[in-house]
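Trainee: I have a structure here, written as structure tokens, and I will follow up with some questions on it.
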Amino acid sequence: MAWRAVRRVGPVLAPRCPLLSLPPRQPAARRLGTSSLLLAARKFTDKHEWVSVENGIGTVGISNFAQEALGDVVYCSLPEVGTKLSKHDEFGALESVKAASELYSPLSGEVTEINAALADNPGLVNKSCYKDGWLIKMTVANPAELDELMTEDAYEKYIKSIED
């Protein structure tokens, strides 16, 4: 208790009492860590699919640009778990009130999971295309294929180029 009082009046008394002129207290150092989100940066195709890879599993969805162009998604056709895909293979389709759009695999691999929530709520693709509205998860057979995809910045430039 006495120390708190000295700390409060310390700056006032500092000129008269050199022991009270302590350097200001520094906040504890923060630990920097790499989160899985940083390691799983999204990569994009020119057909507007995205993929983020974590621990050898790619999560695939459609971009915000694609979901906006489609409008309200009312039905999702997705492959069965175990389906083997090559890069650019068609793996399903999304139907909206405006149009239907095929889905193409951004990488080669095997489907390990589908987003079952989309069967009852396909609108998740519109509400949360990068989080809850993902489509499939798949193994990554050839990690080098990731290098052929666009970064988020490159994809944004691509979008601007096709809108002009």
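The values are calculated or read from the model by the stated rules, or taken from the named source; none is laboratory data. Remember, predicted model here, so these are calculated numbers, not experimental data. Reconstructed Cβ throughout: ideal geometry from the backbone, glycine too, with neighbour counts over all protein chains shown. Areas reflect the complete protein model, heavy atoms only, side chains present, ligands, DNA and RNA absent. Shrake-Rupley method; radii C 1.70, N 1.55, O 1.52, S 1.80 Å.
Trainee: Would you tally the net charge around Leu70, using a Cβ to Cβ cut-off of less than 12 Å, leaving Leu70 out, and scoring K and R as +1, D and E as -1?
Mentor: With Lys, Arg at +1 and Asp, Glu at -1, the net is -3.
Trainee: Please compute the modelled spin-label separation between Glu148 and Ser128, points set 7 Å along Cα→Cβ, answer in nm with one decimal.
Mentor: Spacing of the two 7 Å Cα→Cβ label points: 3.2 nm.
Trainee: Using a 1.4 Å probe, what is the accessible area per residue for the range 46-142, in Å²?
Mentor: The answer is 48 Å² per residue.
Trainee: If you don't mind, another one. Using amide H atoms built in the peptide plane, which far-off residues or other-chain residues are under 5 Å from Thr83 H to H?
Mentor: Counting only residues 5 or more places away or on other chains, the set is Val111.
Trainee: In the range 91-154, what percent of the accessible surface is made up of carbon and sulfur (1.4 Å probe, ligands and nucleic acids excluded)?
Mentor: Here it works out to 48 percent.
Trainee: What nm distance separates the two modelled labels at Glu102 and Ala119, each placed 7 Å from Cα along Cα→Cβ?
Mentor: Between Glu102 and Ala119, the label points sit 2.6 nm apart.
Trainee: Return the inverse of the average 1/r over all pairs of distinct C-alpha atoms in the range 80-164, which is the Kirkwood hydrodynamic radius, in Å to one decimal.
Mentor: Evaluated over the range 80-164, this radius sits at 14.4 Å.
Trainee: Sticking with this one: Pop a pseudo-label 7 angstrom from the Cα along the beta-carbon direction at both Val74 and Asp164 and give the gap in nm to one decimal.
Mentor: 3.7
Trainee: Enumerate the calculated ³J(HN,Hα) couplings along the range 151-164 in order (Karplus 6.51 cos²θ - 1.76 cosθ + 1.60, θ = phi - 60°), each rounded to whole Hz, writing x wherever the residue is Gly or Pro.
Mentor: Per-residue couplings from phi come out as 6, 4, 5, 5, 5, 4, 5, 4, 4, 4, 5, 8, 7, 6 Hz.
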